[in-house]
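Notes follow the structure.
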Amino acid sequence: MPEESAHSRAAVLRSRADSYMALERYEAAVADLTEAIALHGDHANAWRLRGECHRILGLREAALTDFDEALKIEPDNAFALGSRGQTYAAMGRLEEALDDYEHALAISPEALWILEGKANALAELRRMDEALATHTKIIELNGELPYSWTARGDLYQQMDLFDEALDDYGRALKIEPDNVRVLARRGEALRMLDRYDEALVDLNRALELDPDNDNALGSRGATLSEMGDKEAALADLNRAIELEPTYVWAFRVRGEVLQELDRHEEAIADFTQALHLEYGD
């Protein structure tokens, strides 16, 4: 095929792959991009898009290979750097992820998704002050999105700074009062502060909006247990585990409730399952 025709066909294949990706038909996108690369191998975007498909499909080594090729062609491609950073992070290669995020942010300093990836990697490395600073920058850039406040609230909660978390969740809920995830997270923060009645208000509202929200059910179960209603607590925890059979924390909490009810064989089974899920015992 003449070069001009090959490049033209490759362009159409890349465009069709874009639509396949929008429809989450990643295998079809990979097929088109593979042909596009064979026809026009020095097009960085084709490598980057195929890398993104491979990343989403969990094929991380293949994704890294594709991003590497894209970056050989365009070393300052912020999208390829950010996506390779996400891939490194998913593989636990956090320092390499941070290197890519920093490089990408030097090119596109206001790319929110890259800032978020950087904040998450810093938190996993327990560099909490830097993670908080990054979340604060995200809020400065896009504080009208509830997620920006929620993400920093989650980090505060991870640091056991529950009052600060409550402030951020409150800001998120001013923007979107019926955000189920934020209601559930604020309910959990209130529970950790022993403010059980207030926690129940948030958790009940979350479950009115989404009756099958396993996180809200788990937190409400723990709250009810603290308030002395063990049977209601078990009902919520049973449902949470039914919805999410790998919910380690719910197994641990249910085990504690069963232990308090002197149902020790069942408690042992729950603690055993928690250990199996978290540590492979």
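When you go through ARG171, ARG152, ARG126, ARG181 one by one, which is the residue that is of a type in the set (D, E, K, R), outside any helix (DSSP H, G or I) and within 30 Å of LEU105 (Cβ to Cβ)? Quick ask: steps written out before the conclusion?
Details: ARG171 fails: outside any helix (DSSP H, G or I); ARG152 fails: outside any helix (DSSP H, G or I); ARG181 fails: outside any helix (DSSP H, G or I).
Matching residue, one of ARG171, ARG152, ARG126, ARG181: ARG126.
Taking LYS118 as meeting all but one of (1) within 19 Å of the chain's Cα centre (by Cα); (2) surrounded by fewer than 17 Cβ atoms within 10 Å (Cβ to Cβ); (3) not aliphatic (A, V, I, L, M), write down the number of the exception.
(2)
Of everything in the range 218-239 that's touching a Phe, Trp or Tyr at 6+ places or on another chain (Cβ under 9 Å) and in a helix (DSSP H, G or I), which residue is surrounded by the most Cβ atoms within 10 Å (Cβ to Cβ)?
It comes out as LEU237.
Can you name the residue in the range 203-217 that is in a helix (DSSP H, G or I) and within 22 Å of the chain's Cα centre (by Cα) and is also surrounded by the fewest Cβ atoms within 10 Å (Cβ to Cβ) among such residues?
First, the residues of the range 203-217 that are in a helix (DSSP H, G or I): 203-209, 214-217.
Of the ones still in play, those that are also within 22 Å of the chain's Cα centre (by Cα) are 203, 206-207, 209, 214-217.
On the way: LEU203: 30, ALA206: 26, LEU207: 21, LEU209: 14, ASP214: 20, ASN215: 22, ALA216: 28, LEU217: 28.
For the range 203-217, the residue satisfying everything is LEU209.
Exactly one condition in (1) over 16 Å from ALA184 (Cβ atoms); (2) in contact (Cβ under 8 Å) with a residue 24 or more places away in the chain is not met by PHE162; state its number.
Exception for PHE162: condition (1).
Could you list, in sequence order, the residues of the range 29-74 that are farther than 27 Å from GLU4 by Cβ, surrounded by 24 or more Cβ atoms within 10 Å (Cβ to Cβ) and among the aliphatic types (A, V, I, L, M)?
ALA63
If you check ALA123, ALA106, ALA89, which single one turns out to be aliphatic (A, V, I, L, M), more than 17 Å from GLU164 (Cβ to Cβ) and buried (at least 17 other Cβ atoms within 10 Å of the Cβ)?
Sole residue among the options that is aliphatic (A, V, I, L, M), more than 17 Å from GLU164 (Cβ to Cβ) and buried (at least 17 other Cβ atoms within 10 Å of the Cβ): ALA89.
Are any residues in the range 22-60 within 18 Å of LEU71 (Cα to Cα) and either under 24 Å from the mean Cα position of the chain (by Cα) or in contact (Cβ under 8 Å) with a residue 60 or more places away in the chain (or both), and if so, which ones?
Listed by number, the residues that qualify are ARG48, LEU49, ARG50, GLY51, GLU52, CYS53, HIS54, ARG55, ARG60.
Name the one entry in SER19, SER108, SER8, SER15 that is modelled with pLDDT under 95 and over 21 Å from the mean Cα position of the chain (by Cα).
Selected residue: SER8, the only one of SER19, SER108, SER8, SER15 that is modelled with pLDDT under 95 and over 21 Å from the mean Cα position of the chain (by Cα).
Got at least one residue in the range 227-240 being at pLDDT 95 or above, within 29 Å of TRP113 (Cβ to Cβ), of a type outside the set (A, V, I, L, M, F, W, C) and touching an Asp or Glu at 6+ places or on another chain (Cβ under 8 Å)?
Checked against the condition, which is being at pLDDT 95 or above, within 29 Å of TRP113 (Cβ to Cβ), of a type outside the set (A, V, I, L, M, F, W, C) and touching an Asp or Glu at 6+ places or on another chain (Cβ under 8 Å), the range 227-240 yields no hits at all.
I need the full set of residues from the range 240-277 which are surrounded by 19 or more Cβ atoms within 10 Å (Cβ to Cβ) and of a type in the set (Ser, Thr, Tyr), in order please.
TYR247
The values are calculated or read from the model by the stated rules, or taken from the named source; none is laboratory data. The structure presented is a predicted model; accordingly, all values stated were derived computationally and were not measured. Positions of Cβ are generated from backbone atoms using ideal geometry, with glycine treated the same way; all protein chains shown enter the neighbour counts.
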